[in-house]
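Structure record follows, encoded as structure tokens.
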Amino acid sequence: RLAGDEPTLPASVIGVASAQGSSRVVAVVKLCLSEDGVPTQVRFIKSSGFSEADESFVRQMHTWRYRPYQVKGKAVAVCTPVTLVFNITK
């Protein structure tokens, strides 16, 4: 990734997950990029289980920028799974 901050877990989700005894929050996202390396689609393969976190991940991931993926020297659109793992510290 060339630009964009690492996604963060909203504080409210950390509190709820911790109260539920969860040691981590995991989500798996299908991220599609344009020929320019700009996210065009962010869809959940596996939700984190927290709608607030999922909405935040989508917003944050849309700010990411990548070096274009190339095939035979030509930039092409591409999709890939991305696993987001957040450890909850107590």
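The values are calculated or read from the model by the stated rules, or taken from the named source; none is laboratory data. Keep in mind the model is a prediction, meaning the values are calculated, not measured. Cβ sites come from the backbone with ideal geometry, for glycine too, and all protein chains shown count toward neighbours. Quick note on the areas: whole protein, heavy atoms, side chains included, nothing else; ligands and nucleic acids left out. Shrake-Rupley method; radii C 1.70, N 1.55, O 1.52, S 1.80 Å.
Loop-located trypsin sites (Lys or Arg not before Pro) in the stretch 1-40 (DSSP state not H, G, I, E or B) with no more than 12 neighbouring Cβ atoms inside 10 Å: ARG1. Note on the stretch 45-85: Rg/Rh from C-alpha atoms, Kirkwood Rh, equals 1.09.
Do the sum for the chain: with -39,500 (n - 2.57) for every DSSP H run of n ≥ 4, divided by all residues, what is the mean residue ellipticity at 222 nm, to the nearest 500 deg cm²/dmol? Calculated from helices alone, the mean residue ellipticity at 222 nm is -6500 deg cm²/dmol.
A convex hull fitted to the Cα coordinates of the chain yields 86 cubic angstrom per residue.
Whole number in Å², please: accessible area per residue of the chain, 1.4 Å probe, ligands, DNA and RNA not counted. Numbers along the way, then the final one.
On the way: 5630 Å² over 90 residues.
That works out to 63 Å² for each residue.
Taking the Cα centre of the chain as the origin, how large is its charge dipole in debye, to the nearest 20, when only Lys and Arg (+1) and Asp and Glu (-1) carry charge on their Cβ atoms? Please report the intermediate quantities before stating the final value.
Numbers: 11 positive and 7 negative charges, 69 e Å.
Rounded to the nearest 20 debye, it is 340 debye.
Could you tell me what % of all Cα pairs in the stretch 1-42 have separations over 11 Å? Spell out each step's value before the answer.
Numbers: 644 of 861 pairs.
Of the Cα pairs, 75 percent sit more than 11 Å apart.
Here the chain has 51 percent of its accessible surface on carbon and sulfur atoms, given a 1.4 Å probe and all protein chains in place.
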